[in-house]
Amino acid sequence: MGSENHYRWESPRHQVWLNAFEIASIAVTRREYSEFLVATGHVEPAGWHDPTFGHPEQPVVGVSWFDALTYCEWLSKVRVERFRLPTEAEWEKACRGGLQNAEYAWGDQIPSSIEYFNGQWLGPRPVAEGPANGYGLFNMGDNVHEWCLDWYGENYYPVSPEINPLGPENGTRRVSRGGSWRHQIKASRAAHRSSLPPSYRYTDYGFRLVKES
């Protein structure tokens, strides 16, 4: 986990052991999130009525970290299963797709050399349009930033436990991972870390689910 040759908050590169987990192959879609809105009357995401984000198979965007948690709690009750956001360590493990030393989910080829990432993106692409990684997961590192469970800490890695790290005990920002349709470079490296205050609703932020055994 992490890297040694980029930003200091990605270092040190360190070995982590995780319990087995199941993670969704795609981010939660607008179609899925609309079912939650109808059932609960929850506040609509930012940009919900903007046609840029209106395709039912686009990842839902404009959701805060708190909105994502509320969705997980609702779905857990509906399905009688336990759903949550991935931890930062789980997300990076999933993104790497079995390629422990590669820069990106697909390997070391830079995004600008891949046709899928070229051209102007006016909004997020429908999920699963690009190639899957080695674990069969789509858009790991591109399309929308994805909320993670952890508080963000720039200096967390040097003190992170080796087994099932959960992030700092407190903070002001929650971890997010992955690239965004809004950026010039649409995909991020597997080790790249970002963060945002949990109450913010940005139209390039979405989330995917982990199901606990």
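The values are calculated or read from the model by the stated rules, or taken from the named source; none is laboratory data. Since we're looking at a predicted model, the values are computed, not measured. Counting neighbours? That spans all protein chains shown, and the Cβs are built from the backbone with ideal geometry, glycine included. Protein only, heavy atoms only, side chains kept; ligands, DNA and RNA dropped before computing areas. Shrake-Rupley method; radii C 1.70, N 1.55, O 1.52, S 1.80 Å.
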The chain - mean residue ellipticity at 222 nm from DSSP helices (-39,500 (n - 2.57) per run, n ≥ 4, rounded to 500): -5000 deg cm²/dmol
Accessible surface of Arg30 - all protein chains present, 1.4 Å probe, nearest 10 Å²: 40 Å²
Probe 1.4 Å, all protein chains present, accessible-area order of Ile114, Ile185, largest first: Ile185, Ile114
For a label point 7 Å along the Cα-to-beta-carbon line of Gln100, residues of the stretch 118-160 with backbone N under 17 Å: 134-135
Nitroxide proxy distance, nm - points 7 Å out along Cα→Cβ at Ser34 and Ile163: 4.6 nm
Options Ala132, Asn170, Tyr156, ranked by Cα towards positive dipole end of the stretch 118-171, top entry (Cβ charges): Ala132
Spacing of the two label points (7 Å from each Cα toward its C-beta) at Glu44 and Ser199, in nm: 2.2 nm
Dipole magnitude (debye, nearest 20) for the stretch 69-200, charges at Cβ of Lys, Arg, Asp, Glu: 320 debye
Max mean-square fluctuation residue, GNM over the chain, Cα-Cα springs under 10 Å, options Glu35, Glu73, Glu115: Glu115
At R0 = 30 Å, FRET efficiency that the Cβ-Cβ distance of His14 and Thr70 yields, to 0.05: 0.40
The chain: relative contact order as a whole-number percent, Cα under 8 Å and 6+ apart: 32 percent
Cβ-placed point charges (K, R +1; D, E -1), dipole of the stretch 100-174 about Cα centre in debye, nearest 20: 200 debye
